[in-house]
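Quick notes on the structure that follows.
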Amino acid sequence: MGFKDFWQRHFSSSDEKIVSPGFVLRVGSVGLVLFFLTYFLFSWTMETVIHNRKEVIAPDIVGKPSSSALQTLSEMNLAMKIEGYEFNESVPIGTVLRQVPGAGSTVREGKIVRVVFSQGGESVFIPNLIGLPLRNAELLLRQRQLMLGEKSESYSLKAEKGTVLSQDPRPELSVSKNEMVHVVVSAGLPPAGIVMLPDFRQKKSDEAQQWASQYNVPLVLNEDASSLFPGGTIIDQHPLPDVVVSAGAKVTLTVSSRKGSASSEKEFRVHYEVSQSGSQRHIRVVALGKSGDREIFNGLRDPGSKIDLSVPYGGAEKVRIFVNGILVEERPVR
C-alpha cells in the first residue's frame, strides 16, 4: 500500500477531520514501547556507570575545619554539600559538627557527603562601660549575657568614686556569650603625697608649665605646626590623664605651633550638651577635612554638662561627635 492509499484510507473519509481509532491505537502502542525501551536503556546505562565506580570508605571529617574536610573528601573523589550551621560553644567556628553518610560507611566515588558546620558560640558585642557606675555597668553586662570579671581600683582626678575608668576587652568587640569583662574603677581623689597627671588637652601650655613647676615634674614640649588649634594649645600628652607621676618621671606634651592667633583666624564653634540622664559619658569630638581627621576633644563629662569649643577652620569640613564610642551626630562646618 502506497502513501496515497494510506492517506486516503485513514484521513480521506467522508469526514476528513476524523482519524481512525485503529490508527491512533497502533501509534500509541508504538510510542509506549519506545518510551519503556528508552527508560530501561537509560536505567541500565546509569546502573552500569554507577556500579563501575570504585567503592570507598567514607572518611571521618567531624571535628575538621572546612578546608581540611573538603581536601579529605576530594582525595577520595567524594563531594561535599553544606546542610546548615549550628551554634556550638565547644566547637570552633567553621568546624564540621556532623556528616551523612557517617565515617566508615561504604560508598561509591562521586557520592555527596552532607555536612553541618559549627558557628561557634553565639556572639554579642561588648558595651561601653566607661563612665558608668560599677552597679550600672554590671547590670548592662548581664543584659548582654556577659559577666563582670576582675575589678581593680585606681585614683582619679576626673571620675567620681565607683565609676568605671577602663575595661578589657574594649567596647564594641564581638565575643562569645558569658565572656568576662574586666574593669578598672575610680577610687576617688588621690590622698596627699600622690601626684597624678591632670588632663591638659585643649588647655594652654602655660597652665601645664605652672603645674610642672609646682610639683617639680620635668616637661618635654613637642610642637605640631599642622594642628587646627591656636598656637600654645596642648593637643596631646603622655602619659595620659590620671596616671600617677613618680619622682623624676617626665611628662611629654604635644603643643600646637600654628601660626596666627584666634583674632586673626576664622573659627567655627562646637557646642554639645550631654544628656541629663544617666551617668558620666565619654565624649569625643573629631574634625574631618581633606588633610585627615583631627581629634579636638576627648574626655569624660557629667550629665547635663556643656562642651564649647572654638576651633580654627584649618580645612575642616565636618565634625563628628561620639558618645561612649558611638557616633551620635555629624555636622557640617560653616
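At-a-glance table
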{"item": "Residue list for region 222-247, restricted to those being under 24 Å from Val285 (Cβ atoms), among the β-branched types (Val, Ile, Thr) and in a loop (DSSP other than H, G, I, E, B)", "result": "Val243"}
{"item": "Tally, over region 156-169, of residues that are over 17 Å from Val244 (Cα atoms) and assigned to a strand (DSSP E or B)", "result": "4"}
{"item": "Scope region 317-334; condition in a loop (DSSP other than H, G, I, E, B) and either of a type in the set (A, V, I, L, M) or loosely packed, with under 13 Cβ neighbours inside 10 Å (or both); matching residues", "result": "Val333, Arg334"}
{"item": "Qualifying residue in region 122-144 (condition: within 26 Å of the chain's Cα centre (by Cα), surrounded by 18 or more Cβ atoms within 10 Å (Cβ to Cβ) and of a type in the set (Phe, Trp, Tyr))", "result": "no"}
{"item": "Residue match in region 284-302 (condition: on the phi < 0 side of the Ramachandran plot, modelled with pLDDT of 85 or more and surrounded by fewer than 15 Cβ atoms within 10 Å (Cβ to Cβ))", "result": "no"}
{"item": "Scope region 303-316; condition surrounded by 12 or more Cβ atoms within 10 Å (Cβ to Cβ) and modelled with pLDDT of 80 or more; matching residues", "result": "Ser305, Ile307, Leu309"}
{"item": "Test set (1) charged (D, E, K, R); (2) modelled with pLDDT under 90; (3) touching a His at 6+ places or on another chain (Cβ under 7 Å) - Glu150 fails condition number", "result": "(2)"}
{"item": "Lone qualifier among Ser166, Ser105, Ser156 - being within 30 Å of Asp199 (Cα to Cα) and over 30 Å from the mean Cα position of the chain (by Cα)", "result": "Ser156"}
{"item": "Criterion: of a type in the set (Asp, Glu) and touching a Phe, Trp or Tyr at 6+ places or on another chain (Cβ under 8 Å) - qualifying residue of Asp224, Asp242, Asp168", "result": "Asp242"}
{"item": "Selected residue [hydrophobic (A, V, I, L, M, F, W, C), surrounded by 16 or more Cβ atoms within 10 Å (Cβ to Cβ) and modelled with pLDDT under 90] from Val115, Val56, Val91", "result": "Val91"}
{"item": "Enumeration of residues in region 317-328 that are charged (D, E, K, R) and at pLDDT 90 or above", "result": "Arg320"}
{"item": "Residue selected from region 125-147 under the condition in a strand (DSSP E or B) and modelled with pLDDT of 90 or more, by the criterion nearest to Arg281 (Cα to Cα)", "result": "Pro133"}
{"item": "Residue list for region 113-148, filter: aliphatic (A, V, I, L, M) and within 30 Å of Gly63 (Cα to Cα)", "result": "Val113, Val115, Val116, Val124, Ile126, Leu146, Met147"}
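The rows are residues; the columns are (1) in contact with a Leu (Cβ under 6 Å, 6 or more places away or on another chain); (2) part of a helix (DSSP H, G or I); (3) crowded, with 16+ Cβ neighbours inside 10 Å.
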residue	(1), (2), (3)
Gly149	no, no, no
Pro171	no, no, yes
Leu189	no, no, no
Arg201	no, no, yes
Asp206	no, yes, no
Val220	no, no, no
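Conditions (1) more than 29 Å from Lys290 (Cβ to Cβ); (2) at pLDDT below 90, marked per residue:
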site: Lys177; (1), (2): yes, yes
site: Met180; (1), (2): yes, no
site: Leu197; (1), (2): yes, no
site: Arg201; (1), (2): no, yes
site: Asp206; (1), (2): yes, no
site: Trp211; (1), (2): yes, no
site: Leu219; (1), (2): yes, no
site: Asp224; (1), (2): no, yes
site: Phe229; (1), (2): no, yes
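The values are calculated or read from the model by the stated rules, or taken from the named source; none is laboratory data. All values reported here derive from a predicted model rather than from experimental measurement. In this analysis, Cβ positions are derived from the backbone assuming ideal geometry, glycine residues included, and neighbour counts consider all displayed protein chains.
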